[in-house]
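For reference, the structure discussed in these notes is given below.
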Amino acid sequence: MLFLMGGDKKKKKEPDKTVENFERVKEIFLAGRFPVVTTTVLDENRKVNKVLGLVVCRGYDSEETFFGMAARAVNKGAQAIIGYQENIAFHPDGSKFFTCYGTAVQYEVVQQKPALPEGISIAI
């Protein structure tokens, strides 16, 4: 009944530091070695080899939520996250609740054939 009458204010939860490899994942992401993209492809040199599944993290701090999601992907064996999205819910008490999610994947590097120099052709 207190909740309906405007009693106790929401208590902010502490960030989930129990996720393994949190700091290590933050370092590899900031170094550019763990791509997180909003598209379904990484780039022309990397092809998705295996889909490991959806990874989701929720919380009151955007950085903790994002890197928590990335850490869960790394714990599954992922090399990247594709289809990344985030949502923010604004509560009347002024707090924000973040949800970050995407698909954890492994990829393979595709070797591109070098282009022939101009003026050279191959007869078949």
**Message:** Pairs needed: first member in segment 59-75, more than 15 Å from N21 (Cα to Cα); second member anywhere, among the acidic types (D, E) and surrounded by fewer than 20 Cβ atoms within 10 Å (Cβ to Cβ); C-beta distance under 7 Å; at least 6 residues apart or different chains.
**Reply:** G59/D16
**Prompt:** When you look at E86, is it outside any strand (DSSP E or B) and either open to solvent by 30 Å² or more (accessible area, probe 1.4 Å) or among the acidic types (D, E) (or both), yes or no?
**Reply:** no
**Request:** Only one of these is at pLDDT below 90 and closer than 22 Å to T99 by Cβ: F34, F22, F67, F29. Name it.
**Result:** F22
**Asked** For segment 47-60, does any single residue satisfy the condition of being open to solvent by less than 70 Å² (accessible area, probe 1.4 Å), in a loop (DSSP other than H, G, I, E, B) and at pLDDT 90 or above?
**Response** yes
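The values are calculated or read from the model by the stated rules, or taken from the named source; none is laboratory data. All figures in this text were calculated on a predicted structure; none of them were measured in a lab. Counting neighbours? That spans all protein chains shown, and the Cβs are built from the backbone with ideal geometry, glycine included. Note: accessible area is taken over every heavy atom of the protein model, side chains too, but ligands, DNA and RNA are not part of it. Shrake-Rupley method; radii C 1.70, N 1.55, O 1.52, S 1.80 Å.
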